[in-house]
1. Counting only residues that are more than 15 Å from residue 3 (Cβ to Cβ), of a type outside the set (A, V, I, L, M, F, W, C), in a loop (DSSP other than H, G, I, E, B) and touching a Lys or Arg at 6+ places or on another chain (Cβ under 9 Å), how many does the stretch 30-53 have?
2. If you check every pair at least six apart or on different chains, which have Cβ atoms under 6 Å apart with a residue in the stretch 9-29 that is outside any strand (DSSP E or B) first and a residue that is surrounded by fewer than 14 Cβ atoms within 10 Å (Cβ to Cβ) second?
3. Name the residue, out of 20, 58, that is crowded, with 21+ Cβ neighbours inside 10 Å and of a type in the set (A, V, I, L, M).
4. Anything in the stretch 107-134 that is assigned to a helix (DSSP H, G or I) and closer than 12 Å to residue 81 by Cα? List them, or say none.
5. Pick from 192, 152, 132, 142: which is under 24 Å from residue 211 (Cα atoms) and under 15 Å from the mean Cα position of the chain (by Cα)?
6. Farther than 30 Å from residue 203 by Cα, touching an Asp or Glu at 6+ places or on another chain (Cβ under 7 Å) and modelled with pLDDT under 90: does that describe residue 92?
7. Of everything in the stretch 177-198, what is farther than 14 Å from residue 147 by Cβ, in contact with a helix residue (DSSP H, G or I) (Cβ under 6 Å, 6 or more places away or on another chain) and of a type in the set (Val, Ile, Thr)? Give them in sequence order.
8. Of the residues 49, 37, which is under 23 Å from residue 138 (Cβ atoms), surrounded by fewer than 16 Cβ atoms within 10 Å (Cβ to Cβ), free of Cβ contacts under 8 Å to residues at least 60 places away in the same chain and not acidic (Asp, Glu)?
Amino acid sequence: MLTLRGVSKRFGSRTVLRGVDMSLNAGTLALLVGPNGAGKSTLLRIMAGLIPPDAGTVERGCSDTELAYLGHDTFLYGGLTALENLAFWERLHGGSASEAALMAVLKRVGLERFADARAGVFSRGMAQRLNLARVLLRAPRLLLLDEPGTGLDARSLATLRNEVTALRARGAAIVWISHDLAGDLPMADHVLELANRTLAYAGPAGSWPGRDALSAAAPAGGASC
């Protein structure tokens, strides 16, 4: 579903990524991990086609309309209601979902009571849930998530994880940058670890060398990456 070969990226004189090679099959969830500044968000944006690599190739096994990206910006229109935001995005992608279908998606993320509230007054967590509803509406085949749990309470985070798991079960390929690595790692099939501007590890989550250190740190409150 997603293949990168020799992907490199520079910003001015600074090399951010160098020679990144990886592939991801359908029905697979990969956590993208690494320290702050390692280039995780940059790599995810390259995967999404939002910025081009300076070298290498990116191949996606889906059309642009089958790809969904959820980043730090919610891309919501504050002057529109939750329902109007979903309707706008649906029309933008050439869809024609009924109001009942839009309401059903809002219910899945716990926002049905706020369908007629303007998105501009939403908390960060509510805005993120509405952004998730936008993604769920498209039922993407390739889903790219940049710390989607930011601002979510425990119940909303459980909803996020359940919905992502369901998408994977339906065959979606997912790359997830996590802010709660201890909580999200059990979901993962693979880990992609960035270090020294390239992938230091790309393989099964169960064999990831950082797993043992993470488990040892968990009693002290978990770890994030």
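1. Here the count works out to 3.
2. 26/171; 27/171
3. 20
4. Residues satisfying the conditions are 112, 113, 114, 119, 120, 121, 127, 130.
5. 192
6. no
7. Across the stretch 177-198, the qualifying residue is only 191.
8. Of the residues listed, the single one that is under 23 Å from residue 138 (Cβ atoms), surrounded by fewer than 16 Cβ atoms within 10 Å (Cβ to Cβ), free of Cβ contacts under 8 Å to residues at least 60 places away in the same chain and not acidic (Asp, Glu) is 49.
The values are calculated or read from the model by the stated rules, or taken from the named source; none is laboratory data. Given the structure is predicted, the values throughout are model-derived calculations rather than measurements. So basically every Cβ, Gly included, is an ideal-geometry build from the backbone, and we count neighbours across all protein chains shown.
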